[in-house]
Amino acid sequence: LAVCLVSEHLDIQSRSLVVIEFDTRLVEYLKEVGDGFSGLTILQHDLRENLPQDLKGGFDVFLTDPPYTQEGLNLFVSRGVEALRPQVGKQGFICFGNRTPSDMAGAMGTLLEMGLAPVEIIPNFNHYVGAQVLAGVSQMIRTLSTPDLRPNLIGHYTGPLYTADRKRHASSSAL
């Protein structure tokens, strides 16, 4: 919605803006508030499922705010990479929580494996009201696609996404 508002204010015509959201309450809200913006599509979809075919390979930019786990990053960015046109210089914007240096090295490695070159990190970009995890703050990582653009994950995903999922998965594996 922010992109729509800025585009309208600056009189920039957007060909297509697609918002993918899992939570049906947010989907309803976004559809209600976004009604009237041309080129805006709100889609209720679980990113653990395949990206709809008509969304693959057709976008110049993706933005994602994945769960702050390596698995969440891997899945959500993979779906973003699938949506990008397979050309050099397409942009990805990834909101990801501030992590330890080891965790951030792993996150950067994941982006590089998918053919995304991190070109800018903006610390403390997002502030989440009421969020306790990572002090309710995330950074914005801006990336550009390389000739090696490819998602790490394709198809249905069944693994853990959230920290609590990983804990449950680990404890059930130990039994």
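Which of the residues belonging to the range 41-54 are assigned to a strand (DSSP E or B) and touching a helix residue (DSSP H, G or I) at 6+ places or on another chain (Cβ under 6 Å)?
Taking the range 41-54 as the starting set, the residues that turn out to be assigned to a strand (DSSP E or B) are 41-44.
Once the filter is applied, which keeps residues that are assigned to a strand (DSSP E or B) and touching a helix residue (DSSP H, G or I) at 6+ places or on another chain (Cβ under 6 Å), the range 41-54 yields Ile42, Gln44.
Only residues that are more than 15 Å from Phe62 (Cβ to Cβ) and at pLDDT 90 or above: list them for the range 8-25, please.
Phe22, Asp23, Thr24, Arg25
Being under 23 Å from Arg142 (Cα atoms), touching a Gly at 6+ places or on another chain (Cβ under 9 Å) and of a type in the set (Gly, Ala, Ser) narrows it down to one of Gly97, Gly92, so name that one.
Step by step, each of Gly97, Gly92 is checked, and only Gly92 is under 23 Å from Arg142 (Cα atoms), touching a Gly at 6+ places or on another chain (Cβ under 9 Å) and of a type in the set (Gly, Ala, Ser).
Which of the residues belonging to the range 60-72 are part of a strand (DSSP E or B) and either open to solvent by less than 50 Å² (accessible area, probe 1.4 Å) or of a type in the set (D, E, K, R) (or both)?
Passing the criteria: Phe62, Thr64.
Run Gly57 past the list (1) in a helix (DSSP H, G or I); (2) touching a Lys or Arg at 6+ places or on another chain (Cβ under 8 Å) and report the number of the one that doesn't hold.
If we test Gly57 against (1) in a helix (DSSP H, G or I); (2) touching a Lys or Arg at 6+ places or on another chain (Cβ under 8 Å), just (1) comes out false.
Run Arg15 past the list (1) touching a Leu at 6+ places or on another chain (Cβ under 9 Å); (2) in a loop (DSSP other than H, G, I, E, B) and report the number of the one that doesn't hold.
Every condition holds for Arg15 apart from (1).
Where in the range 73-147 are there strands (runs of 3 or more DSSP E), lying wholly inside it, with at least 3 residues that are open to solvent by 50 Å² or more (accessible area, probe 1.4 Å) and in contact (Cβ under 8 Å) with a residue 12 or more places away in the chain?
On the way: elements: 91-97, 116-127, 137-145.
Result: 116-127.
List the residue pairs whose Cβ atoms are under 8 Å apart, where the first residue sits in the range 31-58 and is on the phi > 0 side of the Ramachandran plot, the second is part of a loop (DSSP other than H, G, I, E, B), and the two are 6 or more positions apart or on different chains.
Going by the 8 Å Cβ cut-off, the qualifying pairs are Gly39/Gln13; Gly39/Ser14; Gly39/Arg15; Gly39/Ser16; Gly57/Arg85; Gly57/Pro86.
The values are calculated or read from the model by the stated rules, or taken from the named source; none is laboratory data. Since the structure is predicted, the reported quantities are computational estimates derived from the model, not experimental observations. Note that we place each Cβ from the backbone using ideal geometry, even for glycine, and neighbour counts take in every protein chain shown. Remember, those area values only see protein heavy atoms, side chains included, never the ligands or the DNA or RNA. Shrake-Rupley method; radii C 1.70, N 1.55, O 1.52, S 1.80 Å.
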